[in-house]
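No value in this document is a laboratory result; all are computed from the given coordinates. A quick note: this is a predicted structure, and the numbers were derived from the prediction, not measured. Every residue, glycine among them, receives a Cβ derived from its backbone with ideal geometry; neighbour counts consider all protein chains shown.
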Amino acid sequence: MEVLRYRGRVVTDDDVVFIRDLIAAHPQSSRRALSAQLCAAWSWNQANGAPRDMVCRSLMLALHRAGHIQLPPVRHVSNNPLARRQRPTPASISYPHLCGRLPDLGPLVFRQVRRTADESLFNGLIEAHHYLGYTQPVGEHLKFIIYAAETPVACFAWSSAPRHLVPRDRFIGWSLEARRRNICLVAYNTRFLILPWVKVPHLASHLLSRMTRMLPRQWEAVYGHRVHFAHTFVDTERFAGTCYLAANWVRLGQSSGRGKNCPTWTPNRSRKDVLGYALTPRFRELLAKVDAT
């Protein structure tokens, strides 16, 4: 019998008994140690092979709070810098204005800056110049600054895709099990910014086309697997999504307007167009797989 469903995993009565026995067999273990042991017992790993330790701890805490298991007392409250992350300082560097035709920019260089010395510059540029500001991506993510010579002209942020998105899921046509297994193979374009000192017609769609061609290889270089489909949201109260459509992205539908943490079914924000792009012609076949190969 199903007791709990958490992050795509169904926990049954038998699973609860197993966890109780695990806790009883290791009375001196901390919550962290128990979650590591449970991950190993369940072979519960991320796509890159690392244990899903934080997700497992959260699942065990949910079972504890619901009265299904009794976890040992908390031994140590960690000073989690991610929970109290300061917003980046807005970049205040001035750059020369660039205008004219696209060929006049010269070679455009895409630099993946996550975990490099330029990551703070990326964060500051987004905080200063994107209308949404900077938000720390969740899960797998990449950050790019595009340069013309030594002048940054644009920024891209990509992250793990949300687990549920009706227009995207309908377009892909995958099953619930396929989505659970393969959501890591979809990338979400969380930020795209042409910097304000750049006024070059057709630059945005040109960069989008180049970015999507290289994205699967860049993702594989960092995470060991490719992504096969990409999507984004366009706030139609602000933008028409012209550059995405010019780069052959497709309108898939509209968001619900509720956001992922909305406690009710009532919309609490503007509805947005959901746009998608196939990163490989075989995306439906690859995303529909549910076997282990």
Between the helical axis of 31-42 and the dominant principal axis of the chain, each derived from Cα atoms, what acute angle in degrees is found, rounded to the nearest 10? 90
What is the total of Lys pairs in the chain with C-alpha atoms under 24 Å apart, excluding same-chain pairs fewer than 8 positions apart? 4
Calculated from DSSP H runs of 4 or more alone, at -39500 (n - 2.57) each and per residue, what is the 222 nm mean residue ellipticity of the chain, nearest 500? -9500 deg cm²/dmol
On a 0 to 90 degree scale, rounded to 10, what angle separates helix 203-223 from the longest Cα axis of the chain? 30
Which of rounded, prolate or oblate describes the stretch 2-65 when judged by the alpha-carbon gyration tensor and an a/c cut-off of 1.5? oblate
Sparse-neighbourhood loop sites, trypsin sites (Lys or Arg not before Pro) in the stretch 119-189 - DSSP loop, at most 14 other Cβ within 10 angstrom: 163
Which of (1) 46; (2) 39; (3) 51 gives percent of Cα pairs over 27 Å apart as computed here? It is (3)
Within the chain, which is the longest segment containing none of the GluC sites (Glu not before Pro) that sit in a DSSP loop and have at most 15 other Cβ atoms within 10 Å? 1-149
Fewest to most neighbouring Cβ within 10 Å: what's the order for 212, 236? 236, 212
Compute the Cα gyration tensor for the stretch 76-199, then decide on rounded, prolate or oblate, letting a ≥ b ≥ c be the square roots of its eigenvalues: rounded whenever a/c is under 1.5, prolate when a/b is larger than b/c in the other cases, and oblate in all that remain. oblate
Fewest to most neighbouring Cβ within 10 Å: what's the order for 22, 193? 22, 193
Helix 53-65 versus the longest principal axis of the chain: what angle, 0 to 90°, nearest 10, using Cα atoms? 50
Residues whose placed amide H lies under 5 Å from that of residue 229, excluding near-sequence neighbours: 187, 279
Unit charges on C-beta of K, R, D, E only; dipole of the stretch 2-65, Debye: 340
In the stretch 1-150, with Lys and Arg counted as +1 and Asp and Glu as -1 at Cβ, which of these residues, 113, 39, 147, has the Cα nearest the positive end of the dipole, that is, farthest along it? 39
Just check the stretch 145-248 against the gyration tensor rule for me: Cα atoms, a ≥ b ≥ c as the square roots of the eigenvalues, rounded for a/c under 1.5, and otherwise prolate or oblate depending on whether a/b exceeds b/c. oblate
